[in-house]
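Trainee: Quick one: the structure is below, and I'll ask about it shortly.
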Amino acid sequence: MSLNGVMMQYFEWYVPEDGTFWTKAAKEARKLADVGITAVWLPPAFKCQSGIHDVGYGVYDIYDLGEFDQKGTIRTKYGTKEEYLAAIRAFQDAGIHVYTDIVLNHMMGADATEEVTVVEDDPNNRLKQVSGEHAIEAWTVFTFPGRNNKYSDFKWNHVYFDGVDWDQRAKKSAIYNFRGNSWETDVDHTKTNYDYLMGADLNFSNQTVINHLIEWGQWYYDTCHMDGFRIDAAKHISYTFYKNWLWDMRMNNKKNFFAVGEYWSGDLDDLRRYMSATQGCMCLFDVPLHLNFYKACNQAGYFDMAHLLDSTLVQDNPTKAVTFVENHDTQPGQALQTVVKDWFKPLAYGVILLRPQGYPCVFYGDYYGNNDHNLPCQKKVIDIMCKVRKEKVYGYQHDYFDHFDIIGWTLEGDLEHPGSGVAVILSDGPGGVKTMYIGISHIGQTFYDCLGNSSVDVVIDNTGSGKFPVNGGSISVWVEKK
């Protein structure tokens, strides 16, 4: 029997730095599987420049998963290598796939500096030089003395990078492009060229770098046996690199690794161009949908809900869309803060979890909450919706995106999933009633709102339709009453 998948981003920015995260995650695996979570995206497990204080994106050593005494610690923020591997096994033993977060755009926290010849580029036009050639002192020497050549003896220097943003000699911050190592051209065109993001930027025109990352990818899989990857900063990395890297990983291991890229753009055309350039080698997060949720929740009922899915990836290419409501970058206090308001989150989760289109990703911060950082717990609602997705969201679909405030859809169910079929109705404004067809197989059946937001029952009439109510600023999920 086929079941609908649900991914969970299993971390948020502010999880405690006490090193217990991997151990606690392992203990949650069975519970999440029972709820209907079929995959987890785990945070970057690498040793970072700020040791235990780093969420995982300030990568120092991709071969150190919490094993070596580097950057003042053996463990990472989340725990030790052994605990990381145990957590992966626990999830997989529970039937949950594991996607690991890989961060290959940049490196930070170098072991030493070296003199490098550069030109300074305009921060807002990276192809415009604003200085002549001159020497700076760049943090680009990575020797990993704490690891002492275990797993790899590769050492990094400026030859393998194409730029930095700090001159240690002058104590000056700027965009410095290394002479002889031009910015990649097959990247996002924000700022005319968005190759550079942070730290020491990897040079993906260097075949030695590419070969090393292929070798590392194989080591990482042999060590962790993950089921797929979340790819950080995709818009800043040569589009050719990941197309080829994923092909090598899949072919060498005879495994169809899942992959989803973080290409942060609200413009659907940008996502289309990336998927075309990379020949559909990965899914992408549906940023336009998230931004539609953000707009809708901030317009006090004046957002046209009939257009909630317009210009989104899930509408345009549902098999390549990973849909989400919130993530670690959009949550309060973070770089891309676009927080979906609490009242709207059940509506948004209804859209991603209770429709078959797209691959929904539940956010750890929404699921467990974090009162210190304004993330109320949505676990009760998400658990119900995941159960409904697992058991009910099947069959022919009927959409009713035909009203400024109130929208809905139904799925008729199918024979493969006994008792399946569901009606969903939501409103960002005043409540109301919508007549929706759910199928003649449900004639005479009684449906109830499993979220408990409406207390009435709905009986399906002899045409296969029902009059489904919804409260203002709310969502109701109607399933058969046993």
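The values are calculated or read from the model by the stated rules, or taken from the named source; none is laboratory data. This structure is a prediction, so every number in the text was calculated from the model and none was measured. Every residue, glycine among them, receives a Cβ derived from its backbone with ideal geometry; neighbour counts consider all protein chains shown.
Trainee: Please name all residue pairs, on different chains or six or more residues apart, with Cβ atoms under 8 Å, provided the first residue is in region 19-36 and is on the phi > 0 side of the Ramachandran plot and the second residue is of a type in the set (Lys, Arg) and surrounded by 15 or more Cβ atoms within 10 Å (Cβ to Cβ).
Mentor: Gly19/Arg75; Gly19/Lys77; Gly36/Lys387; Gly36/Arg389; Gly36/Lys390
Trainee: Taking only pairs six or more apart or across chains, which ones have beta-carbon atoms under 7 Å, a first residue in region 298-317 that is over 18 Å from Ser474 (Cβ atoms) and touching a residue at least 60 places away in the same chain (Cβ under 8 Å), and a second residue that is in a helix (DSSP H, G or I) and of a type outside the set (Lys, Arg)?
Mentor: Short answer, once both residue conditions are applied: Leu309/Gln315.
Trainee: If you check Trp166 against the conditions, is it under 25 Å from Leu127 (Cβ atoms) and crowded, with 21+ Cβ neighbours inside 10 Å?
Mentor: no
Trainee: So which of Lys387, Lys434 ends up being in the same structural domain as Pro332 (by TED's automatic domain parsing) and either basic (Lys, Arg) or closer than 24 Å to Ala300 by Cβ (or both)?
Mentor: Lys387
Trainee: A further question on this structure: In this structure, does Thr140 turn out to be in the same structural domain as Gln168 (by TED's automatic domain parsing) and either in a strand (DSSP E or B) or closer than 30 Å to Asp222 by Cβ (or both)?
Mentor: So Thr140 fits the description; yes.
Trainee: Please report, ordered by residue number, the strands (runs of 3 or more DSSP E) entirely within region 44-128 with at least 1 residues that are of a type in the set (Val, Ile, Thr), under 30 Å from Arg30 (Cβ atoms) and not assigned by TED's automatic domain parsing to the domain that holds Met198.
Mentor: Per the criteria, 97-102.
Trainee: Sticking with this structure for a sec: Go over the candidates Gly95, Gly51, Gly66, Gly132 one by one and state the one that is surrounded by fewer than 19 Cβ atoms within 10 Å (Cβ to Cβ) and on the phi > 0 side of the Ramachandran plot.
Mentor: On the way: Gly51 fails: surrounded by fewer than 19 Cβ atoms within 10 Å (Cβ to Cβ); Gly66 fails: surrounded by fewer than 19 Cβ atoms within 10 Å (Cβ to Cβ); Gly132 fails: on the phi > 0 side of the Ramachandran plot.
Sole residue among the options that is surrounded by fewer than 19 Cβ atoms within 10 Å (Cβ to Cβ) and on the phi > 0 side of the Ramachandran plot: Gly95.
Trainee: Further question on the same structure: Exactly one condition in (1) charged (D, E, K, R); (2) touching a Ser or Thr at 6+ places or on another chain (Cβ under 8 Å); (3) surrounded by 15 or more Cβ atoms within 10 Å (Cβ to Cβ) is false for Arg355; which is it?
Mentor: It is condition (2) that Arg355 fails.
Trainee: May I pose another question? Which of the following residues is over 30 Å from Lys81 (Cα atoms), in contact with a helix residue (DSSP H, G or I) (Cβ under 7 Å, 6 or more places away or on another chain) and among the β-branched types (Val, Ile, Thr): Thr278, Thr185, Thr190, Thr240?
Mentor: Matching residue, one of Thr278, Thr185, Thr190, Thr240: Thr278.
Trainee: Only one of Ile475, Ile460 is surrounded by 23 or more Cβ atoms within 10 Å (Cβ to Cβ), under 34 Å from the mean Cα position of the chain (by Cα) and modelled with pLDDT of 95 or more; which?
Mentor: Ile475
Trainee: Return the only residue of Leu415, Leu426, Leu451, Leu411 being outside the structural domain of Gln357 (by TED's automatic domain parsing) and free of Cβ contacts under 8 Å to residues at least 24 places away in the same chain.
Mentor: Leu415
Trainee: Go through (1) crowded, with 23+ Cβ neighbours inside 10 Å; (2) modelled with pLDDT of 95 or more; (3) in contact with a strand residue (DSSP E or B) (Cβ under 9 Å, 6 or more places away or on another chain) one by one and return the number of the condition Tyr448 breaks.
Mentor: (1)
Trainee: A further question follows. Cβ-Cβ below 6 Å, separation at least six or inter-chain, first residue in region 159-186 and β-branched (Val, Ile, Thr) and at pLDDT 95 or above, second exposed (fewer than 14 other Cβ atoms within 10 Å of the Cβ) and assigned to a loop (DSSP other than H, G, I, E, B): which pairs?
Mentor: Close Cβ pairs (under 6 Å, with a partner that is exposed (fewer than 14 other Cβ atoms within 10 Å of the Cβ) and assigned to a loop (DSSP other than H, G, I, E, B)) do not exist here.
Trainee: Can I ask one more? Taking region 27-43, which residues are among the β-branched types (Val, Ile, Thr) and in a strand (DSSP E or B)?
Mentor: Within region 27-43, just Val40 meets the criteria.
Trainee: What helices (runs of 4 or more DSSP H), lying completely within region 197-282, carry at least 3 residues that are of a type in the set (Ser, Thr, Tyr)?
Mentor: Passing ranges, in order: 207-224, 239-253.
Trainee: Specify which of the listed residues (Asp372, Asp366, Asp414) is closer than 24 Å to Gly5 by Cα and surrounded by fewer than 16 Cβ atoms within 10 Å (Cβ to Cβ).
Mentor: Asp414
Trainee: Condition test on Val381, is it touching a residue at least 12 places away in the same chain (Cβ under 8 Å), of a type in the set (Val, Ile, Thr) and in contact with a Ser or Thr (Cβ under 9 Å, 6 or more places away or on another chain)? Working first, answer last.
Mentor: Values: touching a residue at least 12 places away in the same chain (Cβ under 8 Å): yes; of a type in the set (Val, Ile, Thr): yes; in contact with a Ser or Thr (Cβ under 9 Å, 6 or more places away or on another chain): no.
So Val381 fails the test.
Trainee: Being more than 23 Å from Asp304 (Cβ to Cβ) and not in a loop (DSSP other than H, G, I, E, B) is the filter here, so list the residues in region 413-436 that pass it. Spell out how you get there, then give the answer.
Mentor: Taking region 413-436 as the starting set, the residues that turn out to be more than 23 Å from Asp304 (Cβ to Cβ) are 413-422.
Across region 413-436, the qualifying residue is only Val422.
Trainee: Follow-up question, since we're still on this one. Of all residues in region 296-351, how many are of a type outside the set (A, V, I, L, M, F, W, C), in a loop (DSSP other than H, G, I, E, B) and within 21 Å of Leu375 (Cα to Cα)?
Mentor: Going through region 296-351 one residue at a time, the tally reaches 15.
Trainee: Return the residues of region 353-402 that are of a type in the set (Ser, Thr, Tyr) and out of contact with any helix residue (DSSP H, G or I) (no Cβ under 8 Å at 6 or more places or on another chain); say none if nothing qualifies.
Mentor: From region 353-402, those of a type in the set (Ser, Thr, Tyr) are 359, 364, 367-368, 394, 396, 400; that's our starting set.
Of everything in region 353-402, those that are of a type in the set (Ser, Thr, Tyr) and out of contact with any helix residue (DSSP H, G or I) (no Cβ under 8 Å at 6 or more places or on another chain) turn out to be Tyr359, Tyr364, Tyr394, Tyr396, Tyr400.
Trainee: Do we find that Tyr151 is of a type in the set (Phe, Trp, Tyr) and either surrounded by 20 or more Cβ atoms within 10 Å (Cβ to Cβ) or part of a strand (DSSP E or B) (or both) in this structure?
Mentor: Answer is no for this residue.
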